Amino acid sequence: MGFFDGLLGGRAADFDSGNASTNAIELTRRHQTVSLTKQDAATGHLRVNLTWRMRTSDFDGAQRTSLFRHPFKALKPPEVLGHGQSMVNVDLDLGCLYELTDGTKGVVQPLGGYLGDVNAPPYIKLSGDDRFGSASGETMYVNLDHRDALKRMLVFVYIYDQTPAFDRTHAIVTLYPSNGPRIEIGLDERHPQARSCAVVMIENVKDELIVRREVKFVYGFQGELDRLYGWGLQWGRGYKAKADR
């Protein structure tokens, strides 16, 4: 398996509005920010979910050439056809760099077992590690009842194994506030060599919780995201335990 980083040690906001048909806010390059405070959603548990699937173009060609030999494959649903070896080889992980108002900094991520705590600092908890992009994906919870202790949180996605695969996957990070529409950030840009992506920043700005789309792909791992956003943590290479692989 591949190696990557493990932890050792303003312009005016342009607010988007909800989509009535889907009850969702999609953060895009044009509409990058939304205020949880103005949405009356700055309390309770904020659920952050990562899901992904293989791009259908990766399967269409192989599927068309094999249907003559295996006609019953046409009866299988697309998600089954897409759950082959290439799906197994893509392991996207959800993580979060955090900074508290008391100056404490750290990371919540599957690597190293830094799963966090939702009822004690950092008030961020990762529920588990999904290796295959299942329907439930990976989920992180942020306890916004302690929002006064939270300064900024950078939600990111990184690839576990050695093969960059953002160009082969369609990933979505969705935020489910305690009130109002969900917030969606799609990772649709083609970056074949990227291994990590800073997805969204959640920041406490003058007692207002602002969610800002980032979607910045980098060719390194968490340490490069750290340098890009000036977190200042110490990083080293790490691996998942065999039980987690």
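Structure data summary
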| quantity | calculated |
| --- | --- |
| Phi to ³J(HN,Hα) by Karplus 6.51 cos²θ - 1.76 cosθ + 1.60 over segment 200-215, Hz, x for Gly, Pro | 8, 9, 10, 10, 8, 10, 6, 6, 10, 7, 10, 9, 10, 5, 10, 6 |
| Where trypsin sites (Lys or Arg not before Pro) fall in DSSP loop in segment 141-190, at most 10 other Cβ within 10 Å | Arg190 |
| From phi via Karplus (6.51, -1.76, 1.60), per-residue ³J(HN,Hα) for segment 32-41 in Hz, x at Gly/Pro | 9, 10, 8, 9, 5, 5, 5, 8, 6, 10 |
| List Lys38, Lys105, ordered by accessible area with a 1.4 Å probe, largest first | Lys38, Lys105 |
| Set Lys105/Lys151; Lys151/Lys206; Lys125/Lys206 screened for pairs whose C-alpha atoms are more than 19 Å apart | Lys125/Lys206 |
| Cα shape, segment 164-211, gyration tensor, a/c 1.5 rule | oblate |
| Accessible area of segment 93-234 belonging to carbon and sulfur atoms, whole % at 1.4 Å probe | 45 percent |
| Sequence ranges 95-103, 113-121, 26-34, ranked by mean other-Cβ count within 10 angstrom, highest first | 95-103, 26-34, 113-121 |
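The values are calculated or read from the model by the stated rules, or taken from the named source; none is laboratory data. Keep in mind the model is a prediction, meaning the values are calculated, not measured. Note: ideal-geometry Cβ built from the backbone for every residue, glycine included; neighbour counts use all protein chains shown. All accessible areas refer to the heavy atoms of the entire protein, side chains included, with ligands and DNA or RNA removed. Shrake-Rupley method; radii C 1.70, N 1.55, O 1.52, S 1.80 Å.
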